[in-house]
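Below: the structure, in structure tokens.
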Amino acid sequence: MNIIAIVGSYRKHGTVDTVVDEILRAAREAGAETLKIYLIDKHIEFCTNCRQCTQEKGTGRGACPLEDDMAGILDAVEAADALVLGASINFYTVTAVMKRFAERLLGYSFWPWGMLRPKLRNKKRNRRAVVVISSAAPSIMTRLMTGSVRLMRDAAAMLGCRTIGVLFIGIAATAPKTEIHPRILKKARRLGAALAAHNE
């Protein structure tokens, strides 16, 4: 069982990263192998919406003409059995680096010119995902006032995953290092074990 985490926060060892680490630790204790990728360490170009990746039929992702690290990241995600996506909220949505990553998932859609809207190439959700989001605002407020949870769930779905849990850490900017509530860490461990236990 291999689990990959894609971290789209700007701070290593910050709130999102700490919770993701707890998920991965629990998964390893349950026998899984884990890998964590920081998007800030990768070269990811902006999607130019050329739609070259959407034109050919098939169930696999379309080829993007941009030369950067995105293909390698997606190869690693596709080789994994489960996924963790983590990002903080900046200006009412996920970080720009996570948004850039999400926009580059267009290649998982079939959208030839002349067709009004894209269609997912593969609608199977045979892998599980966990989403981690932190916000300076209370979690309930951020859930209601932003589309961050839906964006992250949709990104997981594009990658062939069904989201089994969302960990939302609110009021996460009261100090340089946020003290994470034990309840959140306990849920993180539970979700990590659930990811490791699932293998289809």
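Tabulated results
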| read-out | value |
| --- | --- |
| Qualifying residue in the range 56-71 (condition: β-branched (Val, Ile, Thr) and surrounded by 14 or more Cβ atoms within 10 Å (Cβ to Cβ)) | no |
| Search result, residues across the range 102-122 that are free of Cβ contacts under 8 Å to residues at least 24 places away in the same chain and on the phi < 0 side of the Ramachandran plot | Met115, Leu116, Arg117, Lys119 |
| Boolean, Gly86 is outside any loop (DSSP other than H, G, I, E, B) and within 27 Å of Arg121 (Cα to Cα) | yes |
| The range 115-141 - residue that is hydroxyl-bearing (Ser, Thr, Tyr) and not in a strand (DSSP E or B) and, of those, nearest to Glu103 (Cα to Cα) | Ser135 |
| Output for the range 142-154, where each listed residue is under 28 Å from Val77 (Cα atoms) and assigned to a helix (DSSP H, G or I) | Thr142, Arg143, Ser148, Val149, Arg150, Leu151, Met152, Arg153, Asp154 |
| All positions within the range 107-135 that are farther than 27 Å from Gln55 by Cβ and among the aliphatic types (A, V, I, L, M) | Ala129, Val130, Val131, Val132, Ile133 |
| Residues (loosely packed, with under 13 Cβ neighbours inside 10 Å, at negative phi and not aromatic (Phe, Trp, Tyr)) located in the range 13-54 | Glu29, Asp41, His43, Thr48, Cys50 |
| Residue list for the range 52-81, filter: assigned to a loop (DSSP other than H, G, I, E, B) and over 14 Å from Phe101 (Cβ atoms) | Gln55, Glu56, Lys57, Gly58, Thr59, Gly60, Gly62, Ala63, Pro65, Glu67, Ala80, Asp81 |
| The range 92-101, residues that are surrounded by fewer than 22 Cβ atoms within 10 Å (Cβ to Cβ), assigned to a helix (DSSP H, G or I) and touching a residue at least 40 places away in the same chain (Cβ under 8 Å) | Val97, Lys99, Arg100 |
| Residue satisfying all of: in the range 155-189; touching a residue at least 40 places away in the same chain (Cβ under 8 Å), among the hydrophobic types (A, V, I, L, M, F, W, C) and not in a helix (DSSP H, G or I); surrounded by the fewest Cβ atoms within 10 Å (Cβ to Cβ) among these | Ile180 |
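Readers should treat all values here as calculations from the given coordinates under stated rules, not as data from a laboratory. It should be emphasised that the depicted structure is a prediction, and the values quoted were computed from it without experimental measurement. Cβ atoms come from the backbone with ideal geometry, glycine included; neighbour counts cover every protein chain shown.
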